[in-house]
Amino acid sequence: MRVIPTAIPDILIIEPKVFGDARGFFFESFNQRAFNEATGLDVQFVQDNHSRSAKGVLRGLHYQIEHPQGKLVRVVQGAVFDVAVDIRKSSPTFGKWVGVELTAENFRQVWVPPGFAHGFLVLSESADFLYKTTEYYAPQYDRGILWNDGDIGIVWPFDSEPLLSDKDKNTKRLKAAEVFD
């Protein structure tokens with residue numbers, strides 16, 4: 001496995017070693033020991049989630065203010081533009097974002113640590129998105145930040161207006177949101 005740093009050092013791109021030939025491919029999608037050794041992290045995942053979304057769906061920017069979740073995310077069908085925003089007030093990268101294209105073909109994964117808001121935009125006709133979390137989902141602590149907050153300035157690769165849930169249409173801007181110290 002190869003770990004690629006991003007502009008925000010806590011966010012990591014993980015590229016697994018893929019063995020492929022004319023018959024198809026094989027790769028280890030997760031190995032706790034290899035992940036810990038390659039990243040220098042010591043995290044424990046407690047929940048796996050799987051979502052399917054149509055082209056143009058934008059989900060996010062989501063986080064839990066209590067029991068914050070670290071996420072290891074990947075795409076198994078289709079393509080997404082995956083985004084993480086640093087919402088830790090004490091961080092030198094507070095309010096900054098990283099975006100990475102994840103596809104079924106590039107096998108990339110992204111580590112989004114606790115203290116970040118997370119979201120993605122579906123680029124393909126549909127996408128199956130998988131993510132492991134370090135904390136259980138706790139709806140009472142679920143929060144969101146507006147996907148198009150000008151203070152953050154995410155450059156989403158749109159070709160039309162995104163499809164949003166009512167929840168995501170009504171989230172707060174970063175300056176009004178609950179964030180981490």
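Structure summary
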| quantity | calculated |
| --- | --- |
| Residue that is surrounded by the fewest Cβ atoms within 10 Å (Cβ to Cβ), among those in the stretch 8-24 that are touching a strand residue (DSSP E or B) at 6+ places or on another chain (Cβ under 6 Å) and not in a strand (DSSP E or B) | Val18 |
| Test result for Leu164, under 20 Å from Arg52 (Cα atoms), in contact (Cβ under 8 Å) with a residue 40 or more places away in the chain and not acidic (Asp, Glu) | yes |
| Residues of the stretch 121-144 satisfying the condition of being within 16 Å of Leu12 (Cα to Cα) and of a type outside the set (Val, Ile, Thr) | Tyr131, Lys132 |
| Unmet requirement for Ala34, which otherwise passes all of (1) more than 23 Å from Ala127 (Cα to Cα); (2) in a strand (DSSP E or B) | (2) |
| Residue list for the stretch 166-181, filter: part of a loop (DSSP other than H, G, I, E, B), surrounded by 12 or more Cβ atoms within 10 Å (Cβ to Cβ) and of a type outside the set (D, E, K, R) | Thr171, Ala177, Val179 |
| Condition broken by Phe45, with the remaining ones in (1) assigned to a strand (DSSP E or B); (2) under 20 Å from Asp128 (Cβ atoms) satisfied | (1) |
| Residue satisfying condition, being surrounded by 11 or more Cβ atoms within 10 Å (Cβ to Cβ), over 30 Å from Ile145 (Cβ atoms), over 17 Å from the mean Cα position of the chain (by Cα) and modelled with pLDDT of 95 or more, within set Glu37, Glu28 | Glu37 |
| Test: Ile87 is closer than 23 Å to Pro5 by Cα, buried (at least 18 other Cβ atoms within 10 Å of the Cβ), over 15 Å from the mean Cα position of the chain (by Cα) and not basic (Lys, Arg) | no |
| Filtered residues of the stretch 144-158 (kept if touching a residue at least 24 places away in the same chain (Cβ under 8 Å) and either loosely packed, with under 10 Cβ neighbours inside 10 Å or under 15 Å from the mean Cα position of the chain (by Cα) (or both)) | Gly144, Ile145, Trp147, Ile154, Val155, Trp156, Pro157 |
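The values are calculated or read from the model by the stated rules, or taken from the named source; none is laboratory data. Owing to the predicted nature of the structure, the values given are computational and were not obtained by experimental measurement. In this analysis, Cβ positions are derived from the backbone assuming ideal geometry, glycine residues included, and neighbour counts consider all displayed protein chains.
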